[in-house]
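Written out below as structure tokens is the structure these notes cover.
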Amino acid sequence: MEDGSGRERLLRLLGGPDLAQLRRRLRLRYERGAQDGPFTLGRLSGAERRALEGLTGRPVRAAGSMRLRTSDLDGALARAGLAPNLRAALEILDGPIQDLRAQREACEQAWGRTLQQAEEPGLRALLAEPGGVALLRRLAAGDPGSAQALLAAAQRVLSRLPAQGIPLAQLAAQVLGDSHALDAGSALATLVLRARAHAGTKDHPERPREQWARLGVSVNELAAPALCLNLPVRQSNIVLAAGEPIHLSLRKLLRDAPAWSVAGRVVFVCENPSIVSIAADRFGDRCAPLVCTDGMPSAAQRTLLEQLAVAGARLCYHGDFDWPGLTIGNFVMRATGAKPWRFGAEDYLGACDALGSPLAAGRRVEAVWDNRLAAAMAHRAVAVHEEAVAEWLLRDLESNRADHR
């Protein structure tokens, strides 16, 4: 179509807001790569049907659908001198038509090239899973170029891990030139942590701060230190005063991990700080090694327990006989390989009558170390907190002290 009069006629025939939806439906066929063949347009408005009937020369009918062929529309437009074909007419009216199928194919090819660039083992393993590829696509907002940049940055970070107590912001600044590049919730931090994912537990998965700590990177390294008493150590820059409880920060544990002298030895682990205080008052330097999780262990407590387990300690754990206490116990047992310390069904039944209080309502939690414990607690409906059995625990802390000198 070369003259302005033909354009005006085309506008009168297929242009205007009343036919915008019809044009979108016809354009969509080209965008999806539809071939010339019969197709049906349903739910046509009166204006849309009249436009198609005027173009094809069919008699006016009241039906809400029309059976058409692209070649018939092409011929009608060409004969009328309005456009070489339907596609050209639609582009004259609303601009170029994109080939969405070709774009999708090009995008998938670009994604294939991007995924092949993952060389770091953790990233390769992650992207070998459908869920890993879906995660990367989501983090990159579906753009293979953004994904390529994410992978390159993640590989630079992962090449520096595990670290030795470097603050997260410092790691980001040194490796990426941006101290906030690994902030919580960022796409890059999410990808790095997933590439080094740890199983954690179903009931209490690792939080980002604890995941970074496991990789030797500190986040808020002075928060929530680990409380312990009489831990034997061969060599350390940490002053461990015998008989005095001490708090070990995540900063100290990561930057210069002590050489714990615990191979083959029992290290007792309790849930509540009051047990450490009572034991220190009663026995001082005669108390067996003791660590406190202070509820659900956070990064410092987890790091200390993992260091002790790696050094060969035989960890023995006790906590509160209530549903939160069993949740914490499940985590400690699974994460560190600890064994129960007076924390079974028989221990519970021996204490609940004289020492217990009403068991607060909550979701029942099965104990991974004793399949009878949850049933006994549900039946008796009594909670026994750690302080109530402190004297029982103290007997072990005193009787085992000779084993830990």
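Only the coordinates and a few stated rules stand behind these numbers; no lab work does. All of these numbers come straight from a predicted model, not from anything done at the bench. Here the Cβ positions follow ideal geometry from the backbone for every residue, glycine too, while neighbour counts run over all protein chains shown.
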From the Cα trace of the stretch 4-98, what convex hull volume per residue do you get, rounded to a whole Å³?
91 Å³
At R0 = 22 Å, how high is the FRET efficiency between ARG160 and ALA125 if r is their beta carbon distance? Nearest 0.05 is fine.
0.75
Nearest-ten-degree value, helix 144-158 long axis tilted from longest Cα axis of the chain:
20 degrees
In what sequence, highest mean first, do 317-325, 174-182 appear when ranked by Cβ atoms within 10 angstrom?
317-325, 174-182
Only helical DSSP H runs with n ≥ 4 go in: add -39500 (n - 2.57) per run for the chain, normalise by residue count and round the 222 nm mean residue ellipticity to 500 deg cm²/dmol.
-14500 deg cm²/dmol
Non-local amide H neighbours of ASP178 (under 5 Å, H modeled in plane, Pro and chain starts lacking H): which ones?
ALA173
Taking a crude spin-label model, label points 7 Å out from Cα along the C-beta direction, the ARG314 to SER277 distance in nm is 3.1 nm
For the stretch 101-197, diffusion coefficient by Stokes-Einstein and Kirkwood Rh (Cα), 25 °C, 0.890 mPa s, µm²/s:
178 µm²/s
Let me check against my output: what whole-number percent is the relative contact order of the stretch 4-98, with C-alpha pairs under 8 Å and at least 6 apart?
32 percent
On a full-extension model of 0.36 nm per residue, what is the gain between ALA80 and ARG363, subtracting their alpha-carbon distance, rounded to one decimal in nm?
94.3 nm
Pop out the Kirkwood hydrodynamic radius of the stretch 224-377 from its pairwise C-alpha distances, inverse of mean 1/r, in Å to one decimal.
16.0 Å
